[in-house]
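Right, one structure below, let's go through it.
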Amino acid sequence: MASDPYSSPTSLLPHVAVVILNWNGCELLRTFLPSVLAHSDGARVVVVDNASTDGSVKLLGGFFPEVEVIQHSENLGFCAGYNQALAQVDATYYVLLNSDVAVTPGWLQPLVALLDRKPMVAACQPKLLAYAEPTQFEYAGAGGGYLDRLGYPFCRGRLFETLETDHGQYNDSRPVAWASGACMAVRASAWHELGGLETAFFAHMEEIDLCWRFWNAGYEVWYEGSSTVYHVGGGTLHKSNPRKTYLNFRNGLALLYKNAPRTSWGAFLSNALH
């Protein structure tokens, strides 16, 4: 029988840092961190704590001593939280991973292999399936992100609230407009070149902005369907929360203003006002 390539010592990934941002997600860490530690092939695992008050740091010290912990003195949000933490992490590739994601055996190797063989790819994402409905694509990234002609984001496998069942139809590897921030592998040099995430966004739509900036800077963003993870979604801020709605609409307009060609603004604004 052929050996499993993901179990070989030569496949260890010490140049990769899997970085999880946490804010009061103690139970999510308890549930999902074991799969990350079991299936990350020797990559560094770092948890960045945004001043949690629920005992998250105590849990990490007591049950997951192999995890590196970076503690912020206040809740910096998703964008500044990652930016300040990754300034302290020396790695070739970062993997930004939500705390409510269950990874699978061999999930990391295809993402790293894609970045290794394509030096102009700045970011990529795996296939995202729903943790509660494992045969369905998950809203936040599904089979790779796109933008329609009016700048509205959608995904292969998800259109508005409709989610497809995974039949292997998106097991490919291809360029996409944006990669999901729920699980996004990023080339560290490109991240620092562009200054990381836009801190004014605080949270939501920030990965679309980053990926659009990557494309505008001459890099590429890809989807890698041979890697699969399962995402809960809404683990920190549920989609019904008005704060989430506000951030999505505000940041959606901001990313168009920042990144779209000026010749497209008229169509974008006309769509937003009607």
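One table, with the values for the structure above:
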quantity: Residues of region 53-81 satisfying the condition of being of a type in the set (D, E, K, R), within 25 Å of residue 43 (Cα to Cα) and in a loop (DSSP other than H, G, I, E, B); calculated: 66
quantity: Hits in region 181-193 (condition: within 15 Å of residue 215 (Cα to Cα) and open to solvent by less than 10 Å² (accessible area, probe 1.4 Å)); calculated: 186, 190, 191
quantity: Cβ pairs under 6 Å, 6+ apart, first in region 23-48 and free of Cβ contacts under 8 Å to residues at least 60 places away in the same chain, second in a strand (DSSP E or B) and open to solvent by 40 Å² or more (accessible area, probe 1.4 Å); calculated: 46/68; 47/69
quantity: Cβ-Cβ under 6 Å pairs, at least 6 apart or on other chains, region 67-84 side crowded, with 18+ Cβ neighbours inside 10 Å, far side at pLDDT below 95 and outside any loop (DSSP other than H, G, I, E, B); calculated: 79/199; 79/201; 79/206; 80/199
quantity: Residue within region 103-110 that is among the small types (Gly, Ala, Ser) and either more than 24 Å from residue 209 (Cβ to Cβ) or open to solvent by less than 10 Å² (accessible area, probe 1.4 Å) (or both) present; calculated: yes
quantity: Answer residue from region 14-31, given it is open to solvent by less than 10 Å² (accessible area, probe 1.4 Å) and either among the aliphatic types (A, V, I, L, M) or not in a loop (DSSP other than H, G, I, E, B) (or both) and is farthest from residue 87 (Cα to Cα) among those; calculated: 29
quantity: Complete set of residues in region 66-116 that are modelled with pLDDT of 95 or more and among the aromatic types (Phe, Trp, Tyr); calculated: 82, 93, 94, 107
quantity: Considering residues of region 96-135 that are farther than 24 Å from residue 22 by Cβ and assigned to a helix (DSSP H, G or I) only, the residue farthest from the chain's Cα centre (by Cα); calculated: 117
quantity: Residue list for region 111-142, filter: small (Gly, Ala, Ser), open to solvent by less than 10 Å² (accessible area, probe 1.4 Å) and either without any contact (Cβ under 8 Å) to a residue 12 or more places away in the chain or within 16 Å of residue 220 (Cβ to Cβ) (or both); calculated: 122, 123
quantity: Sole exception among (1) crowded, with 21+ Cβ neighbours inside 10 Å; (2) over 15 Å from the mean Cα position of the chain (by Cα) for residue 227, by number; calculated: (2)
quantity: Output for region 154-176, where each listed residue is outside any loop (DSSP other than H, G, I, E, B) and either open to solvent by 70 Å² or more (accessible area, probe 1.4 Å) or closer than 12 Å to residue 137 by Cα (or both); calculated: 155, 158, 159, 162, 163, 165, 174
quantity: Region 40-63, residues that are within 29 Å of residue 106 (Cβ to Cβ), crowded, with 18+ Cβ neighbours inside 10 Å and of a type outside the set (Asp, Glu); calculated: 40, 43, 44, 45, 46, 47, 48, 56, 59, 60
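Let's see how each residue does on (1) in contact (Cβ under 8 Å) with a residue 12 or more places away in the chain; (2) under 13 Å from the mean Cα position of the chain (by Cα); (3) farther than 22 Å from residue 82 by Cβ:
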{"position": "144", "(1), (2), (3)": "yes, yes, no"}
{"position": "148", "(1), (2), (3)": "no, no, yes"}
{"position": "157", "(1), (2), (3)": "yes, no, yes"}
{"position": "165", "(1), (2), (3)": "yes, no, yes"}
{"position": "171", "(1), (2), (3)": "yes, no, yes"}
{"position": "174", "(1), (2), (3)": "yes, no, yes"}
{"position": "186", "(1), (2), (3)": "yes, yes, no"}
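Okay, residues lined up against (1) modelled with pLDDT of 95 or more; (2) among the basic types (Lys, Arg); (3) surrounded by fewer than 14 Cβ atoms within 10 Å (Cβ to Cβ); (4) farther than 28 Å from residue 38 by Cα:
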| residue | (1), (2), (3), (4) |
| --- | --- |
| 198 | no, no, no, yes |
| 208 | no, no, no, yes |
| 222 | yes, no, no, no |
| 256 | no, no, no, yes |
| 272 | no, no, yes, yes |
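The values are calculated or read from the model by the stated rules, or taken from the named source; none is laboratory data. All figures in this text were calculated on a predicted structure; none of them were measured in a lab. Neighbour counts are summed over all protein chains in view; Cβ atoms, including those assigned to glycine, are modelled from backbone coordinates with ideal geometry. Each accessible area value is taken on the protein alone, full model and side chains, heavy atoms only, with ligands, DNA and RNA left out. Shrake-Rupley method; radii C 1.70, N 1.55, O 1.52, S 1.80 Å.
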